[in-house]
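Let me begin by presenting the structure, written as structure tokens, before commenting on it.
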Amino acid sequence: MEFIDLTNIKNVTDYNKLEVAGEIIKKGGLVLFPTETVYGLGANGLDEEAVKKIYKAKGRSSDNPLILHISDIEMLGQIAKDISDIEFKLMNAFWPGPFTIILNKKDIVPSVVSGGLDTVGVRMPDNEIARNLIKFAGVPVAAPSANISGRPSGTNIKDIYQELSDKVDCIIDGGSTKIGVESTVVRVIDGVVHILRPGKITVEQITEVAGTPIVDKHVLGKLDDGTKVMSPGMKYKHYAPKTRCILVYNENYEILKDKIDETIDKYLRDNKKLVLMCLSDNADYFKDKNVTIINMGNSLDEISKNIFTDLRKADSFNADLIIIQGVSTKGLGLAIMNRLLRACNYNIIK
Ligand code: TXA
Ligand code: MG
């Protein structure tokens, strides 16, 4: 297995170390690589056999499609067709960046990539390592988040080493990822943007470029059995620690504090071992309680950057319950609440 350390880039020529990784992709191998959102588990997106290895390594259901990552706009024409003005406008505004758009796919894209659909998700990441890797590979790179299916996504190599290192041909360490939650996934239907998965690119930002988007009801709502979904990823368990989690939220901050307090006391009375994931001021406020506290930070950017590492850490204490403080769904808060609700299997106290 090849290991490429790019945690300390001093010079643009350092990116030349990625040539071997590009070769591995070309030859049908699997590469763990950083993006600005989360780590990806990448393979040649035009090579059916290589893409199958991704599903196998993650234990991912074959009907859950993968995103193709491109290094430049020329690669787009190879894989997608019938692109509308509004779609171009969105790509211009948010690429390179944490933004994925679902487009009609060309025949060259194997149906394993699209999970049998006639569309494909495309993203140009805003991370030099990722884009240089794709350039060296010379093909669009299919990559889901680097984690075993259902588990929190990987945002640094340490978190995912145990899960995935024996299943890949190359690991590129680029340090902790900057954003920490996956890209915003959208699809444009009849000129209207639908948000299928919220991310760093917010409703507010999309509104400025393409009018008010529709946030798919499954972003914050639980899926009923048998419902038809716009994105197969909505159907599956996601981001979940092994420990049971419960989300506590109220828009009134004082009420929220009281709710957290009551929840802690209720479970302590039953002698439960508890972990509390909360914002900095509450980490201080609850410090004398008999709970293990994980400080999620102060700002939405800080919370999102650490969210998956925090969930993994919370899980490592083998507690009976993880109590998690929620946030408002404004801006990046929508992406955070989408991940937390799913981590908690929609178990929420309001
Ligand atoms: O930030 C990200 O997007 C990361 C990095 C590695 O780029 N990738 C990522 O991939 O999060 P993944 O596979 O974990 O999530 C992709 C989501 C899934 O929920 C999938 O169902 C949805 O996008 N998706 C992909 N292609 C689709 C398509 N053609 N139609 C509808 N949904 C699609
Ligand atoms: Mg994922």
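The values are calculated or read from the model by the stated rules, or taken from the named source; none is laboratory data. Keep in mind the model is a prediction, meaning the values are calculated, not measured. With ideal geometry, Cβ positions are generated from the backbone for all residues, glycine too; neighbour counts draw on all protein chains shown.
Within segment 244-268, restricting attention to residues that are out of contact with any strand residue (DSSP E or B) (no Cβ under 8 Å at 6 or more places or on another chain) and touching a residue at least 60 places away in the same chain (Cβ under 8 Å), which residue is nearest to Ile323 (Cα to Cα)? Break it down stepwise before answering.
The first filter runs over segment 244-268 and keeps only residues out of contact with any strand residue (DSSP E or B) (no Cβ under 8 Å at 6 or more places or on another chain), leaving 250-255, 257-258, 261-262, 265-266.
Then keep just the ones that are touching a residue at least 60 places away in the same chain (Cβ under 8 Å); that gives 250-251.
Details: Asn250: 14, Glu251: 17 Å.
The qualifying residue nearest to Ile323 (Cα to Cα) is Asn250.
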Q: Kindly indicate whether Ser84 is touching a residue at least 60 places away in the same chain (Cβ under 8 Å), small (Gly, Ala, Ser) and either near ligand 1 (Cβ under 10 Å from one of its atoms) or not assigned by TED's automatic domain parsing to the domain that holds Ala335 (or both).
A: yes
Q.
For the condition within 16 Å of ligand 2 (Cβ to nearest atom) and either part of a helix (DSSP H, G or I) or within 25 Å of Leu117 (Cβ to Cβ) (or both), what is the one hit in Gly233, Gly226, Gly221?
A. Gly233
Q: Go over the candidates Lys167, Lys228, Lys237, Lys242 one by one and state the one that is over 25 Å from Asn345 (Cβ atoms) and either more than 12 Å from ligand 1 (Cβ to nearest atom) or of a type in the set (Lys, Arg) (or both).
A: Lys167
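Considering every residue within segment 38-48, establish whether at least one is under 17 Å from Leu133 (Cβ atoms), buried (at least 18 other Cβ atoms within 10 Å of the Cβ) and among the acidic types (Asp, Glu).
Yes: one or more hits.
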(Q) So for segment 250-267 (the condition being aromatic (Phe, Trp, Tyr), over 29 Å from the mean Cα position of the chain (by Cα) and either under 25 Å from Lys222 (Cα atoms) or away from ligand 1 (no atom under 16 Å from the Cβ) (or both)), does at least one residue qualify? (A) yes
Q. If you go through segment 10-34 one residue at a time, how many are exposed (fewer than 15 other Cβ atoms within 10 Å of the Cβ) and part of a loop (DSSP other than H, G, I, E, B)?
A. 3
Q: List the number of the failed condition for Thr207; all other conditions in (1) farther than 22 Å from Asp118 by Cα; (2) touching a residue at least 12 places away in the same chain (Cβ under 8 Å); (3) among the β-branched types (Val, Ile, Thr) hold.
A: (2)
Q: Could you please let me know if Asn306 is farther than 18 Å from Lys330 by Cβ, in contact (Cβ under 8 Å) with a residue 40 or more places away in the chain and in the same structural domain as Gly333 (by TED's automatic domain parsing)?
A: yes
Q. Could you list, in sequence order, the residues of segment 207-245 that are touching a Phe, Trp or Tyr at 6+ places or on another chain (Cβ under 9 Å) and over 23 Å from Ser145 (Cα atoms)?
A. Val209
Q: Out of Asp107, Asp190, report the one residue that is charged (D, E, K, R), surrounded by fewer than 23 Cβ atoms within 10 Å (Cβ to Cβ) and either in contact with a Lys or Arg (Cβ under 9 Å, 6 or more places away or on another chain) or closer than 19 Å to Ile67 by Cβ (or both).
A: Asp107
Q) With respect to the numbered conditions (1) more than 9 Å from ligand 1 (Cβ to nearest atom); (2) under 16 Å from the mean Cα position of the chain (by Cα); (3) in a loop (DSSP other than H, G, I, E, B), which one is the sole condition not fulfilled by Val139? A) (2)
Q) What residue, among those in segment 108-121 that are more than 9 Å from ligand 1 (Cβ to nearest atom) and in contact (Cβ under 8 Å) with a residue 12 or more places away in the chain, is farthest from the chain's Cα centre (by Cα)? A) Ile108
Q) Restricting attention to segment 150-159, does a residue exist that is at pLDDT below 95, surrounded by fewer than 19 Cβ atoms within 10 Å (Cβ to Cβ), in a loop (DSSP other than H, G, I, E, B) and more than 10 Å from ligand 1 (Cβ to nearest atom)? A) yes
